[in-house]
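Following: one structure in structure tokens, then a few remarks.
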Amino acid sequence: MTVALLAMAVVMLSLFAAPSPLTAFAQQPTGSIATVTGTAEGAMVTVYADRNIIEVYAGPSSYLYPPIGILMAGEQVPALGYSTDKEWIQIVYLGVPGGVGWIYAPLVSLRPGFILPVVISPPTATPRTTPTIDPTQAAIYGVQLTPERLPTFTQPAPLEVPQFDATGEARSGLPLGLIILVLALIGVFGAIISLTRGR
């Protein structure tokens with residue numbers, strides 16, 4: 001009985017005893033993840049908002065270089081430099097060989113405070129075929145072909161001026177006017193005969 005009373009007393013003391021203070025443990029560090037919170041540094045160009053799209057070319061010309069992509073209105077890209085005539089800007093354009101492209105400078109605005117260096121233009125692409133003109137087709141459409149070499153000079157034949165007999169002397173044989181008159185009379189006579197027989 002005393003053992004039971006003693007066990008009961010221990011249980012009662014543990015229930016009514018003051019709660020023990022909780023032990024605080026320091027928070028375990030989680031892994032650090034790099035986040036980008038700043039703005040891009042360096043020269044940037046922005047496509048004007050009044051342009052829906054502009055084309056990006058492989059070099060500083062829309063005639064000598066092929067188009068390689070587009071930029072949308074308001075899009076910003078890093079600028080690398082100007083062409084020698086300052087009409088084109090080289091930009092970072094990922095996804096193409098070399099990772100650069102060229103855009104026409106009047107279509108974009110450059111971030112103020114930056115001066116771009118002059119960049120040497122890339123070599124133009126070699127055409128896949130050399131165009132040739134068929135001389136026969138050129139003659140049909142009136143295209144003037146430039147000769148590859150100058151022609152040699154050949155002396156022209158002497159000019160022969162025809163001489164007319166203005167003396168009015170009669171030649172031997174029948175005159176041509178008389179032959180024409182006789183043939184006309186035969187034609188009129190034949191027409192009269194055919195009309196009279198038809199009645």
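Details
- Within region 65-86, being surrounded by 13 or more Cβ atoms within 10 Å (Cβ to Cβ) and out of contact with any Asp or Glu (no Cβ under 9 Å at 6 or more places or on another chain) holds for TYR65, GLU75, GLN76, VAL77, PRO78, ALA79, LEU80, GLY81, TYR82, SER83.
- Meets criteria (surrounded by 14 or more Cβ atoms within 10 Å (Cβ to Cβ) and more than 17 Å from the chain's Cα centre (by Cα)) for TYR104: no
No value in this document is a laboratory result; all are computed from the given coordinates. Keep in mind the model is a prediction, meaning the values are calculated, not measured. In this analysis, Cβ positions are derived from the backbone assuming ideal geometry, glycine residues included, and neighbour counts consider all displayed protein chains.
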